[in-house]
Amino acid sequence: MNVIEGLLYSPSHEWVKVEGNFAWVGISDHAQHALGSVVFIELPKVGQTFKKGDALGAVESVKAASDVYTPVSGKVLEVNNALEDAPELLNDDPYGSWMIKVELSDVSELEGLLNKEAYLPLCEE
Amino acid sequence: MKTTVLHDKHLALNAKMIEYAGFHMPVSYAGITEEHLAVRTGMGIFDVSHMGEFMIEGKDALPFVNNLVTNLILPDTTKVTYALMCDESGFVVDDLLVYVIKEDKILLVVNAGNIDKDFAWVVKQTEKYDVTARNISNDIAQIAIQGPLVKENIEKIVGTTGDDLSFMTYKTIPFEDGHVIFSRTGYTGEDGFEVYGKPEFISKMWDSAISMGVIPCGLGSRDTLRFEANLPLYGHEISESINPVEAGLNFAIKLDKENFIGKDALVSYKENPKRKVVGLELLERNIPRHGYAVYKDDQEIGMITTGYLLPQVTTPVACALVPIEHAAIGTELYVQIRQNKVLAKVRNRKFYTKKYNK
């Protein structure tokens with residue numbers, strides 16, 4: 001399972017890439033692998049605000065629907081619409097396939113997320 | 001958890017495993033889409049050894065089974081009959097296949113998840129008949145080999161061609177030092193065969209098929225294939241609360257038969273239908289799934305029984321149980337998917353044209 005440096009991870013297998021007050025959120029390699037081929041992605045609307053732990057949308061394989069939870073609170077600035085037409089990108093390049101760009105409302109939440117070393121053991125399952 | 005004789009082979013093939021009906025079963029190997037397409041265009045093999053088998057024996061076997069199930073069972077030892085076992089209220093105990101082995105020996109094939117419930121039900125019904133029922137599920141393994149290329153290749157797997165078998169017929173064939181039941185049946189909408197026999201025989205056939213390049217298929221594609229071909233699944237389109245008339249299974253209900261359990265109730269459902277399992281297509285991209293609520297405007301009226309975004313199909317489709325007044329083709333309904341109500345239209349349930357060898 002591929003886990004890369006420089007990202008933060010949640011126990012529910014989302015990743016967060018932070019730049020200043022902004023963050024991009026996607027799902028980890030472990031998450032896409034467990035799900036199998038992704039055939040549908042539901043993204044939120046630009047301007048929606050979420051609290052940490054809210055379902056920001058869903059990713060679905062042929063067989064199963066899984067909610068994706070935002071690991072950070074904030075307002076959605078952009079959504080990656082390219083994924084709606086090509087959901088398989090989440091399988092092919094999970095760390096290149098961000099789902100939403102968020103303006104962080106509470107930067108201190110980042111302290112509760114996991115770095116590569118701390119997240120890796122959660123991918124053992 | 002129970003396992004089938006092929007369990008180690010599934011693990012060796014790196015299958016994604018799940019618990020299903022108390023068994024540790026493969027849900028997919030290479031992927032549901034790949035397996036679905038293998039069956040539609042080539043050959044796929046399924047381990048269906050978890051299915052239940054009951055042997056009914058005795059002088060009254062035929063009248064007993066005709067009282068037990070909705071379809072007409074003839075003393076024809078080549079025919080396989082799809083039927084339903086209903087209770088007195090006409091709701092479904094299970095759906096099953098009936099193989100008349102001899103006039104006094106009949107094989108019933110039932111769903112894995114219902115084996116214990118079904119066997120108790122069957123035994124209870126034997127009281128007034130000179131028959132015995134044996135649950136032989138643990139002694140019998142089963143594979144399904146399905147797809148358009150199967151007919152040219154089946155001989156290499158089972159040692160006999162199926163050329164003399166048409167859809168829903170069977171024969172008993174020799175294999176090694178014994179026999180197996182070989183039938184032109186399946187649950188995919190495609191031509192193909194199912195084989196029932198001793199676990200070691202089925203295990204050998206599985207190995208031959210895999211070594212020939214037949215694609216191993218799991219429960220995931222079994223479900224997408226059966227749904228696409230409009231074949232019902234117990235617990236979804238039929239259940240203890242959805243009767244077979246509502247499910248559109250009138251072809252398997254013979255109301256002109258003298259009597260059978262649930263007949264009176266089914267007559268009244270047919271005369272005065274209240275609900276129907278309809279096809280739906282979504283007018284925007286999303287995936288309707290089992291249990292999602294269906295609305296007419298703001299009123300919740302029904303639920304999705306099965307739904308998918310099927311491989312190589314761009315429109316999401318589903319079956320839904322709705323009141324008869326909202327069942328007409330073209331009716332606009334909504335499916336509640338998470339926070340959204342997604343517009344859908346009632347359509348027919350023929351998502352795929354079956355390719356049986358009739």
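Nothing in this text is a laboratory measurement; each read-out follows from the coordinates by a stated rule. What you are looking at is a predicted structure, and each value in this text was computed from that prediction instead of being measured. Using ideal geometry, Cβ is built from the backbone for each residue, glycine included, and neighbour counts are taken over all protein chains shown.
Observations
- By the Kirkwood approach, averaging reciprocal distances over each pair of separate Cα atoms, the protein assembly as shown gets a hydrodynamic radius of 24.5 Å.
- Residue pairs, from the table B:LYS151/B:LYS355; B:LYS296/B:LYS345; B:LYS2/B:LYS79; B:LYS204/B:LYS355, whose Cα atoms sit over 22 Å apart: B:LYS2/B:LYS79; B:LYS204/B:LYS355
- Over chain B, dividing the summed -39,500 (n - 2.57) contributions of all DSSP H runs of at least 4 residues by the number of residues returns a 222 nm mean residue ellipticity of -6000 deg cm²/dmol.
- Centroid-to-centroid separation of the range A:78-96 and the range B:272-301 [C-alpha atoms, Å]: 29 Å
- Modelled FRET efficiency - R0 22 Å, A:VAL107 with A:ALA64, Cβ distances, 0.05 increments: 0.05
- Residue list for the range B:304-343, given a label point 7 angstrom along the Cα-to-Cβ vector of A:LYS45 and an amide N cut-off under 20 Å: B:334-343
- Cα-based shape type of the range B:171-224, given that a ≥ b ≥ c are square roots of the gyration tensor eigenvalues and the cut on a/c is 1.5: oblate
- Between A:GLU5 and B:THR78, the modelled labels are 7.3 nm apart [label points 7 Å from Cα along Cα→Cβ].
- Relative contact order (%) - criterion: Cα under 8 Å, at least six apart; region: chain B: 18 percent
- Which of B:TYR187, B:TYR308 has the fewest Cβ neighbours within 10 Å, and the rest in rising order: B:TYR187, B:TYR308
- Relative contact order (%) - criterion: Cα under 8 Å, at least six apart; region: chain A: 32 percent
- Helical contribution to [θ] at 222 nm, DSSP H n ≥ 4, -39,500 (n - 2.57), averaged over chain A, rounded to 500: -3000 deg cm²/dmol
- Available extension along the chain between B:PHE251 and B:LYS358 is 36.9 nm, counting 0.36 nm per residue and deducting the alpha carbon span.
- Among the listed pairs B:LYS105/B:LYS198; B:LYS16/B:LYS354; B:LYS124/B:LYS358; B:LYS274/B:LYS350; A:LYS63/B:LYS263; B:LYS257/B:LYS354, those with a Cα-Cα distance over 26 Å are B:LYS16/B:LYS354; B:LYS124/B:LYS358; A:LYS63/B:LYS263; B:LYS257/B:LYS354.
- Hydrodynamic estimate: the Kirkwood radius of the range B:303-352 over Cα pairs, inserted into Stokes-Einstein at 37 °C and 0.692 mPa s, corresponds to D of 280 µm²/s.
- Net charge dipole size for the protein assembly as shown [Lys, Arg +1 and Asp, Glu -1 on Cβ; Debye, nearest 20]: 1180 debye
- Shielding of A:34-43 by partner chains, average beta-carbon count, 10 Å: 4
- Alpha-carbon Debye profile of chain A, log10 I(q)/I(0) at 0.17 Å⁻¹: -0.79
- Residue of B:LEU165, B:LEU310, B:LEU283 that the Gaussian network model of chain B assigns the largest fluctuation, springs spanning Cα pairs under 10 Å: B:LEU283
- Local net charge near A:TYR95, Cβ-Cβ under 10 Å (Lys/Arg +1, Asp/Glu -1): -1
- Which of B:ARG347, B:ARG222, B:ARG184, B:ARG40 has the fewest Cβ neighbours within 10 Å, and the rest in rising order: B:ARG347, B:ARG40, B:ARG184, B:ARG222
- Per residue, the convex hull spanned by the Cα atoms of the range B:274-358 amounts to 102 cubic angstrom.
- The modelled label-to-label distance between B:ASN14 and B:GLU240, using points 7 Å beyond Cα along the C-beta direction, is 4.2 nm.
- In chain B, the alpha-carbon atoms span a convex hull of 133 Å³ per residue.
- Taking a sphere under 13 Å around the Cβ of A:GLY6 and counting the other residues whose Cβ falls inside, with K and R at +1 and D and E at -1, yields a net charge of -1.
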